[in-house]
Amino acid sequence: MTKILTIEHMRGAVFFIFFIIICFSGFSQVRNGWRSIYDRDGRLSRMNYYENGLVIPDSNLFYQYFTENIPKVIVKGIVDSKIGCVNGSLSIYDQRGMLDDFHIKRGGEMIFDIDCDYDGNCSAIWQESFDVESGFWVCDSFSIFKSELIIHNKQSLGVAIYDPEIPIDLNQQFICRVTIPAVGNTANQGLALGWKDENNFFMFEILFGKYYSIQQWEDGVKKEITDGRQLIEKPDSEANELMVYRKNENIIFEINGEIQNILAVPKFKGDKIALLARSRGNARFSDLAVKHELSENDIFFDKHWVGKGTGLFISSTGKILTTFENIMDAKRIQVVGKVNNKKFRLPARVVRVDEESNIAILQIDKEGFQAFDNLPFGYTNHAPLSESKVFCLGFPNAISGIYMPPEVFEGKVISGLASSSGDRILQLDFRNGMIGAPVFDWDFNFLGLVSFKGVELKYTEMIDFYNNARLFKVNLGRMESKIDSPHEQGTYQEKYKIGAELVVIIETSCFGPDSPDY
């Protein structure tokens with residue numbers, strides 16, 4: 001059931017990872033905290049977390065972008081330059097930013113794989129060949145030996161609960177397969193579905209390699225689904241393959257490819273899958289695999305968000321200004337930031353877009369949310385002077401999915417220089433996660449939004465407030481020709497503290513209900 005990645009996928013990912021490792025191996029280390037590395041286009045290439053100068057395992061993140069700020073490959077975990085991801089996860093996206101493939105490895109072995117088609121329909125496969133410890137089993141005493149999971153049971157019931165980081169949804173169509181060696185086992189062993197606790201589960205059991213039974217425990221009361229022991233139609237002297245799958249509203253039970261029983265879907269009390277040993281001794285299991293379809297509301301998608309850039313609060317009630325490209329093709333949007341020094345992660349919805357001007361307005365989707373009391377910045381009715389100083393406040397590492405305090409980039413207005421789109425060019429270091437970040441003059445007047453990289457990394461294109469004043473003011477809900485900045489005389493530290501709670505990370509998901517009609 002292992003899915004083989006295409007040569008194009010692996011060649012691109014491996015080459016990129018190898019390139020990053022070679023290029024940046026000589027960079028100086030930080031002792032504590034995150035260290036970010038960017039490529040020559042201002043795109044986040046790698047992050048590591050350090051404590052006392054040592055990198056923390058599973059904190060390596062690599063990024064490669066297909067175009068602009070659409071990710072192509074995201075790898076999190078321990079990575080080898082030759083074989084790619086060893087311990088961790090790898091996401092591969094198509095040219096639209098839609099998830100194409102996602103998998104998790106342990107010890108170089110594939111244990112989880114999600115495959116999505118062009119329409120975004122995805123199926124997930126958990127597979128345990130028991131060659132390595134995945135860390136997803138909860139059991140009082142077990143071992144992994146010679147491609148087998150062995151429960152060492154000293155009680156009447158031994159349980160190994162499968163608890164992967166992305167839960168398996170038994171309410172969807174699923175297939176579950178486990179191979180049970182025919183000899184060297186405890187007399188009774190089986191597969192439990194809908195495990196909640198020792199008093200609530202549904203079990204398919206193999207006995208002595210020759211018989212099977214189906215039982216259900218509900219609030220401690222056992223119910224025999226089969227009439228005692230039943231002979232396996234085609235037992236195998238080496239190992240019996242037990243398969244349970246859901247088709248519509250039925251559960252179908254097979255052993256060695258032969259249907260043994262068809263049942264109505266039971267009401268599962270729990271949501272776990274478990275392997276059971278129902279007498280003392282050692283119970284051996286090999287080759288567990290679970291495949292299930294993912295609905296648009298599956299918890300996997302709730303966790304699988306991609307940071308796109310930065311946004312700016314422009315109203316006290318949670319209205320956010322950002323670029324259209326930050327939310328383009330998104331089916332769901334959430335924003336991450338801090339207000340009153342408390343971190344939040346909240347859903348947001350699109351209320352207005354101007355695709356031609358590359359502007360989008362979002363609204364925090366939470367009743368009673370308040371970003372600030374009064375507008376903390378101003379704007380002017382004249383264009384910024386050439387060579388005047390500016391600063392930009394945002395999240396250069398937005399794409400990483402890790403919240404870190406916003407950063408400040410200082411620069412200046414370039415004399416008489418504009419992009420092909422008419423936007424102003426600044427001499428200000430570009431970082432991809434800063435797209436949508438606000439640019440202020442030194443008096444804390446709003447000048448525009450970061451949009452693209454200029455001809456070099458040290459130049460940034462800005463959607464100019466002065467050239468788009470009417471559009472910006474309409475979205476701000478203000479018609480005054482100018483507004484004085486209330487913090488014009490504030491110190492640099494004061495402006496940063498205020499600005500840090502004005503900006504948010506824009507995160508999107510390509511999964512969920514269809515995108516709104518802009």
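The values are calculated or read from the model by the stated rules, or taken from the named source; none is laboratory data. Everything numeric in this text was worked out from a predicted model, so none of it was measured. Using ideal geometry, Cβ is built from the backbone for each residue, glycine included, and neighbour counts are taken over all protein chains shown. With ligands, DNA and RNA removed, areas are computed over all heavy atoms of the protein, side chains included. Shrake-Rupley method; radii C 1.70, N 1.55, O 1.52, S 1.80 Å.
Hey, among T491, T460, which residue is crowded, with 22+ Cβ neighbours inside 10 Å and at negative phi?
T460
Is there a residue in region 428-450 that is more than 27 Å from N341 (Cβ to Cβ), open to solvent by 30 Å² or more (accessible area, probe 1.4 Å) and in a loop (DSSP other than H, G, I, E, B)?
Yes, region 428-450 contains a residue that is more than 27 Å from N341 (Cβ to Cβ), open to solvent by 30 Å² or more (accessible area, probe 1.4 Å) and in a loop (DSSP other than H, G, I, E, B).
Count, please, the residues in region 164-176 that happen to be at pLDDT 90 or above and surrounded by fewer than 20 Cβ atoms within 10 Å (Cβ to Cβ).
So the count comes out to 1.
Going by what's in this entry, would S515 be described as modelled with pLDDT under 90, in a loop (DSSP other than H, G, I, E, B) and open to solvent by less than 60 Å² (accessible area, probe 1.4 Å)?
yes
Conditions (1) at pLDDT below 90; (2) in contact with a Lys or Arg (Cβ under 8 Å, 6 or more places away or on another chain), marked per residue:
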{"position": "Y459", "(1), (2)": "no, yes"}
{"position": "I463", "(1), (2)": "no, no"}
{"position": "N475", "(1), (2)": "yes, yes"}
{"position": "I483", "(1), (2)": "no, no"}
{"position": "P486", "(1), (2)": "no, no"}
{"position": "Q489", "(1), (2)": "no, no"}
{"position": "I498", "(1), (2)": "no, no"}
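Are any of the residues in region 352-372 modelled with pLDDT of 90 or more, of a type outside the set (D, E) and within 22 Å of the chain's Cα centre (by Cα)?
Checked against the condition, which is being modelled with pLDDT of 90 or more, of a type outside the set (D, E) and within 22 Å of the chain's Cα centre (by Cα), region 352-372 yields at least one hit.
Exactly one condition in (1) outside any helix (DSSP H, G or I); (2) closer than 26 Å to K342 by Cα; (3) at pLDDT below 90; (4) touching a strand residue (DSSP E or B) at 6+ places or on another chain (Cβ under 6 Å) is false for I402; which is it?
Tallying (1) outside any helix (DSSP H, G or I); (2) closer than 26 Å to K342 by Cα; (3) at pLDDT below 90; (4) touching a strand residue (DSSP E or B) at 6+ places or on another chain (Cβ under 6 Å), I402 fails exactly one: (4).
Please find, within region 214-240, the residue that is farthest from F268 (Cα to Cα) out of those that are under 40 Å from the mean Cα position of the chain (by Cα) and of a type in the set (S, T, N, Q).
Here the residue is N240.
Would you check which residues across region 106-138 are part of a strand (DSSP E or B) and open to solvent by 30 Å² or more (accessible area, probe 1.4 Å) and list them?
Those that are part of a strand (DSSP E or B) and open to solvent by 30 Å² or more (accessible area, probe 1.4 Å): R106, E109, M110, D115, V138.
Return the total of residues in region 221-247 being free of Cβ contacts under 8 Å to residues at least 24 places away in the same chain, closer than 18 Å to L275 by Cα and open to solvent by less than 40 Å² (accessible area, probe 1.4 Å).
0
Exactly one condition in (1) open to solvent by less than 10 Å² (accessible area, probe 1.4 Å); (2) in contact with a Phe, Trp or Tyr (Cβ under 7 Å, 6 or more places away or on another chain); (3) farther than 22 Å from A398 by Cβ; (4) at pLDDT below 80 is false for S81; which is it?
(1)
Name the residues in region 494-506 that are open to solvent by 20 Å² or more (accessible area, probe 1.4 Å) and in contact (Cβ under 8 Å) with a residue 60 or more places away in the chain, would you?
Y496, I498, E501
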